[in-house]
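The values are calculated or read from the model by the stated rules, or taken from the named source; none is laboratory data. The structure displayed is predicted, hence computed values, not measured ones. Please note: Cβ atoms are built from the backbone with ideal geometry, for glycine as well, and neighbour counts cover all protein chains shown.
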């Protein structure tokens, strides 16, 4: 079975191509069948591979062909499956299938039904290639492939140019990171002579020692790609805007799968990162800083999808923190649980948006608890898991990260403290969302019920958001062991109770009518801080001023080809000479004779000067 | 003989197209297409029997017998001028590209040429003949002759069938290439003279001139003569300014040939002549050339962003992509050269397709101004999807040919100089910016009030067939470039060895 693993990405790819070619000849029903079915089948096959893996966990390598061969450069189209790949594949095909199913109802009124599923299938294929790749160049193929699919899907409703702008921003900002990553690939290939991940890790460990500058440079370049794709500071600004795409797309690409590719990349190359303590520190600090910043921003947003987007940025920050402190398994574990509960929350918000005439503003919602019960329970469970309340999936994974961060020598407790602060804010903003949207008075009435294609994925994801914490991942062979020493009990008790405190604060702040709080938030200082946070710390403005505007100005300066001024000058010079020379042809005999005489005398004079003997 | 026949087929085909215009106005295009396909079939059947090609036997630059084909017959014996044609891996690939894109060009202008179709198709075929001659001529005098010959029909194509400002564009194109061609002529004559001083015989043969001994200063100046001539054609910064005008004003087929093939003669000249004839001087000069390449990459990409004319934007994107070639050629190692050759082929397809789309838009909207476009996907989803494919190819998506090219170039350059590779890689970002803007302004966004009222026909079977072939080609190049790499490797190995010897001497 495992030898045919290439069949798994091929299924959605083939379906995507078919949908593109035959889009006009297919009925909606067959489009849905093809689009959802291909991913469903891929999920079943992944399940079969996973089952086989349980009994025999030796990694498998399947080579299809050599991509290109020039001298010693010989990257292959080759797949590699170990525990880490398998976890990722399960998330991609499993959650991916649920989201495809959800989409088949969510997008049912859209004109471009086939185009939507073509893109979405293509995304699944690219994402699978990304995690299956046995070398970094093939990984990069998947990496750019998901980027393009993300671009296509964010700008899916292309008639609105705001969507186009968001899509371009997403692509270009991540491309900045991708280019850093490509340079990293060039460096690794030049220095170590291979891009095959396992050989690379081995050669790196042999050739470089801990603390060398080359592994640090290489790691930082790879990290550049990771922060772009995974929306970490300072390249995170594209993700909130990427919410312009259809909501299931946000669930699939911008929550569950693509944005975690950076985490996967670092986990996959962890041997390299272990060679560079400073790169590890950078990963941890970027993670925690992003996490806090995004959580603070999520607290004041009013667009339901933007709240979730900032929340995603913040949660991936936790994963980066985990990677940075060497808690590899915890990071991947959180990646998985986050995929469950964040997909759940996004799909839940999709259900609300679907039933509420495309309303995004949470202050125009309210009282949906009784009107949309399935969505309410989904959101409640999802938020509980996001806030890491005890017994939910999010609790197990986040707790693991915080405890391992605490154990980190030197600044471990600081990271733990900052992580706790983030957890507090997370609990507040997620339950702020729940209280505002589902409690209080109804402000907009839903105009429809959700059907089974939407209800089923929600239910399954609810279950996963609870039981996902009890999964044990087959990662023991992939990552080095971390010290299992237990932190003091009070650390654990605080870690557990902080999210509960957050929920309580959210209850005080946002449940029902709270005039005191309302008047407090109207003070100018709070308003100004809120404004600052809402804008995403003005980062868009800053980038606009230091990069986008100057670039456009430069482009405008070059619009009419300044270099041509030089050639035009030559033309004018020629014309001037032409004018003067043609002026000499005046037709007057006297002038001609004079000039001939002057010419003759001058010539003779020169000749006598040069060769006096000749004359 | 095969090579000579190939030239004769195209030249005679041109006359045939010219004549049959009198019978029927739609006949010349059919004749042109048939002639190109016939030439293509003839070439493929002739090379399929070559044992050297099948065995991928490496060729030595200075030994014509090791090449796939060689043909030599005296022409002006007094000056040692011969009709000498030869074919190695690089020229073979270029010739195949020329004929394929020639067919695309005929298809691209299937309907939009309404005036003197016979003369148009004749000019098209003669341009192709000139280009083929450039790729095959190994006598420097003959090479120069073809270099000039391909210019003239191209000039007419722009000047007669071009758009509103065609006179200016055609003249600019002609003067730039002509003036730089003159430099090359002087350099060729000087090289022959220098060689005669040493050997005592006049010869224009590439194979004899390769070993010419000369002092450093002479070599440097002669190298510059060749370099400038080729870089004007490429075009490299700062000699690129003829390109946006020529591209914009040329008819669709002209743009396809110009971007797809004619520019490549410049790159080919650098690889075939400028570096191997003057290896030492070229290596000294390499940093400057690479820097010009980098400036071209960035400059072209930034200038592309602000263009409002669809074709002008694509033209500037060519400047940017050709910068990669210049950068790669002067890195002068296997990886970078493989990348440069791959870039010639991949850029040929992707840009030809984009110009064809530009032509299709102009035919339907009667404008190339993107301010009058927008939201065209709605009415022409097939064309939109095709445009999206080629734009994504052009911005270097892995899995398509252009990525393989740019990756190999950057990798090759990285091994010479990391910072140059890093600077060149910036082109990947700037490339994404203008490419996506192109898509936004034409096919996405709010439909323009002007274009929304027109009944716009989507791509039909003829256009989809042409486009599909190019799409398949780019996917094949992107996922399995090995056959191309193998063929060019037969020539590159010897080329690199011979220049390396030159340096150590």
Residue selected from the range A:203-219 under the condition touching a residue at least 60 places away in the same chain (Cβ under 8 Å), in contact with a helix residue (DSSP H, G or I) (Cβ under 9 Å, 6 or more places away or on another chain) and surrounded by fewer than 17 Cβ atoms within 10 Å (Cβ to Cβ), by the criterion nearest to residue B:335 (Cα to Cα): A:205
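Residues checked against (1) farther than 24 Å from residue A:259 by Cβ; (2) at pLDDT 95 or above; (3) part of a helix (DSSP H, G or I); (4) within 13 Å of chain B (Cβ to nearest Cβ):
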position	(1), (2), (3), (4)
A:109	yes, no, no, no
A:114	yes, no, yes, yes
A:118	no, no, yes, yes
A:158	no, no, no, yes
A:166	no, no, yes, yes
A:190	yes, no, yes, yes
A:201	yes, no, yes, no
A:205	yes, no, yes, no
Tabulated pairs, the range A:390-414, first surrounded by fewer than 18 Cβ atoms within 10 Å (Cβ to Cβ), second outside any helix (DSSP H, G or I), C-beta under 9 angstrom, 6+ apart or interchain: A:412/A:325
Residue pairs meeting the criteria (Cβ under 8 Å; at least 6 apart or on separate chains; first within 19 Å of residue A:152 (Cβ to Cβ), in the range A:20-46; second surrounded by fewer than 17 Cβ atoms within 10 Å (Cβ to Cβ)): A:38/A:14
Single condition residue A:468 does not satisfy, out of (1) within 30 Å of residue A:400 (Cβ to Cβ); (2) more than 24 Å from the chain's Cα centre (by Cα): (2)
Residues of the range B:407-421 classified as crowded, with 24+ Cβ neighbours inside 10 Å, out of contact with any helix residue (DSSP H, G or I) (no Cβ under 6 Å at 6 or more places or on another chain) and more than 8 Å from chain A (Cβ to nearest Cβ), total: 0
Failed item in (1) more than 14 Å from every other protein chain (Cβ to nearest Cβ); (2) surrounded by fewer than 22 Cβ atoms within 10 Å (Cβ to Cβ), with residue A:73 passing the rest: (1)
Count - residues of the range B:108-122 that are more than 14 Å from residue B:36 (Cβ to Cβ) and either part of a loop (DSSP other than H, G, I, E, B) or under 19 Å from the mean Cα position of the chain (by Cα) (or both): 6
Candidate set from the range A:553-600 (those that are within 14 Å of another protein chain (Cβ to nearest Cβ) and part of a loop (DSSP other than H, G, I, E, B)); member that is nearest to residue B:307 (Cα to Cα): A:559
Output for the range A:137-156, where each listed residue is touching a strand residue (DSSP E or B) at 6+ places or on another chain (Cβ under 7 Å) and more than 9 Å from every other protein chain (Cβ to nearest Cβ): A:139
Some residue of the range A:54-61 being more than 19 Å from residue B:401 (Cα to Cα), under 29 Å from the mean Cα position of the chain (by Cα) and surrounded by fewer than 17 Cβ atoms within 10 Å (Cβ to Cβ): yes
Test result for residue A:289, touching a helix residue (DSSP H, G or I) at 6+ places or on another chain (Cβ under 7 Å) and assigned to a helix (DSSP H, G or I): no
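Among B:373, B:383, which is surrounded by fewer than 24 Cβ atoms within 10 Å (Cβ to Cβ), over 20 Å from residue B:297 (Cα atoms) and out of contact with any strand residue (DSSP E or B) (no Cβ under 6 Å at 6 or more places or on another chain)?
Numbers: B:383 fails: surrounded by fewer than 24 Cβ atoms within 10 Å (Cβ to Cβ).
From the options B:373, B:383, the qualifying one is B:373.
Condition check ((1) under 25 Å from the mean Cα position of the chain (by Cα); (2) more than 9 Å from chain A (Cβ to nearest Cβ)) across all residues:
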residue: B:401; (1), (2): yes, yes
residue: B:404; (1), (2): yes, no
residue: B:423; (1), (2): yes, yes
residue: B:456; (1), (2): no, yes
residue: B:468; (1), (2): yes, yes
residue: B:475; (1), (2): yes, yes
residue: B:480; (1), (2): yes, no
residue: B:483; (1), (2): yes, yes
residue: B:489; (1), (2): yes, no
Yes/no for residue A:400 being modelled with pLDDT under 90, more than 19 Å from residue A:464 (Cβ to Cβ), over 23 Å from the mean Cα position of the chain (by Cα) and part of a helix (DSSP H, G or I): no
Among (1) assigned to a loop (DSSP other than H, G, I, E, B); (2) modelled with pLDDT of 85 or more, the one test that residue A:358 misses: (2)
Residue count for the range B:282-321, restricted to those that are more than 30 Å from residue B:388 (Cβ to Cβ) and either crowded, with 24+ Cβ neighbours inside 10 Å or within 14 Å of chain A (Cβ to nearest Cβ) (or both): 3
Some residue of the range B:441-460 being touching a helix residue (DSSP H, G or I) at 6+ places or on another chain (Cβ under 6 Å), in a helix (DSSP H, G or I), closer than 23 Å to residue B:104 by Cβ and touching a residue at least 24 places away in the same chain (Cβ under 8 Å): yes
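Look through B:318, B:350, B:306 and report the one residue that is without any contact (Cβ under 8 Å) to a residue 60 or more places away in the chain and on the phi < 0 side of the Ramachandran plot.
Working: B:318 fails: without any contact (Cβ under 8 Å) to a residue 60 or more places away in the chain; B:350 fails: without any contact (Cβ under 8 Å) to a residue 60 or more places away in the chain.
Every option except B:306 fails the conditions.
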